[in-house]
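Accompanying notes for the structure given below.
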Amino acid sequence: GLARAAGVRLVAVDRPGYGGSPPGPFLPAALARLDDLGLDGVTVVAWSGGARAGLALAASGRASALHLVGGVVPVAAYDDPHVAAVAEHRVALVEMAEGLDAAALAAEVAPMLAPYPCDHALAREAQAEARGPVEQARVAAVPGALDRLADSLVAAVGGGLAGGEADVVAQVRPWDVDLADVTVPTTLWYGDDDHVTPVAFGEWYLSHLPQASLRVVPGAGHFLPITHWDLLLATL
């Protein structure tokens, strides 16, 4: 309803390994979907671990703009002391992965990120614990959000943890997208109280993307797309 009111046609896709999308490369599947729908020059919105996929699509020539919301950064960003200082647990994971098979490590780590098998009650419990009380209160203030997010998690892991495993690999290995190729206008959205992907991540992207601008949202956490969806849509 919010998308319709804002005049936005919203096409939401699961990244490979999540929900109904089989494991495999993201970009060919995304481009095929755009072809099926007859779409070109789309605005890409990518949240959190979707950053890599969003950047790849933005660099493909099929996008007119990119909105990166609370996006994770590639491993190269941790060479920046400012980034490393606010992401010690991520740096530790990268260091742990040195000399190890990334896929094997991902298979060990993914079950810590999401319960599987999973039902609605377990999803709500796991998500509340992961968010913490302040972020949980922000999300709970959006009518129906807690239940919808729980349902999303159940659907996401319905076929297994392949999506989560791919996310772990993406956090410990270089990405297959050159940021210099992302030449479309890019808006970087970060909450000033986001402890999952801190503002320093946005500042790093700001200095590495050709046409980027940084928008820091006061009082927002990592679930900015849920708590500020109307603001995002209005900007789109």
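The figures follow:
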{"quantity": "Gaussian network model of the chain, Cα within-10 Å springs - most flexible of 20, 219, 99", "calculated": "99"}
{"quantity": "Rounded, prolate or oblate (a/c below 1.5 giving rounded, otherwise prolate when a/b exceeds b/c) for the stretch 118-236 by Cα gyration tensor", "calculated": "oblate"}
{"quantity": "Ranked order, 173, 9 - accessible area, probe 1.4 Å, largest first", "calculated": "9, 173"}
{"quantity": "10 Å-binned pair-distance histogram of the stretch 44-89 (Cα, whole percent)", "calculated": "28, 43, 25, 4"}
{"quantity": "Other-chain or far-sequence residues with amide H under 5 Å of residue 67's (modelled H)", "calculated": "44, 45, 46, 187"}
{"quantity": "Label zone at residue 94 (point 7 Å along Cα-to-Cβ), backbone N below 15 Å, the stretch 203-229", "calculated": "203-205, 208"}
{"quantity": "Computed accessible area, residue 64, all protein chains, 1.4 angstrom probe, square angstrom", "calculated": "60 Å²"}
{"quantity": "Tail fraction, Cα-Cα pairs, the stretch 74-149, threshold 18 Å, whole percent", "calculated": "59 percent"}
{"quantity": "Accessible area expressed per residue, the chain, with surrounding protein chains retained (probe 1.4 Å, Å²)", "calculated": "50 Å²"}
{"quantity": "With every protein chain in place, the stretch 8-116: carbon and sulfur % of accessible area (1.4 Å)", "calculated": "57 percent"}
{"quantity": "Label-point separation in nm, residue 147 to residue 129, each point 7 Å along Cα→Cβ", "calculated": "2.4 nm"}
{"quantity": "Ratio of the Cα radius of gyration of the stretch 59-205 to 2.2 N^0.38 Å, where N counts its residues", "calculated": "1.14"}
{"quantity": "Cα-centre dipole for the stretch 4-86 with unit charges at Cβ (Lys and Arg positive, Asp and Glu negative), debye to 20", "calculated": "240 debye"}
{"quantity": "Value of Rg to Rh for the stretch 32-117 (Rh from inverse mean 1/r over Cα pairs, i.e. Kirkwood)", "calculated": "1.07"}
{"quantity": "Inter-label distance, nm, simple model (7 Å from Cα along the C-beta direction), residue 180/residue 3", "calculated": "3.6 nm"}
{"quantity": "Nearest-10 value in Å² for the accessible area of residue 172, using the 1.4 Å probe", "calculated": "10 Å²"}
{"quantity": "Cα centroid separation - the stretch 174-217 against the stretch 39-117, whole Å", "calculated": "12 Å"}
{"quantity": "Computed label-point distance, nm, for sites residue 39 and residue 104 using a 7 Å Cα→Cβ extension", "calculated": "4.0 nm"}
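The values are calculated or read from the model by the stated rules, or taken from the named source; none is laboratory data. No experiment lies behind these values; they were computed from the predicted model shown. Please note: Cβ atoms are built from the backbone with ideal geometry, for glycine as well, and neighbour counts cover all protein chains shown. Areas reflect the complete protein model, heavy atoms only, side chains present, ligands, DNA and RNA absent. Shrake-Rupley method; radii C 1.70, N 1.55, O 1.52, S 1.80 Å.
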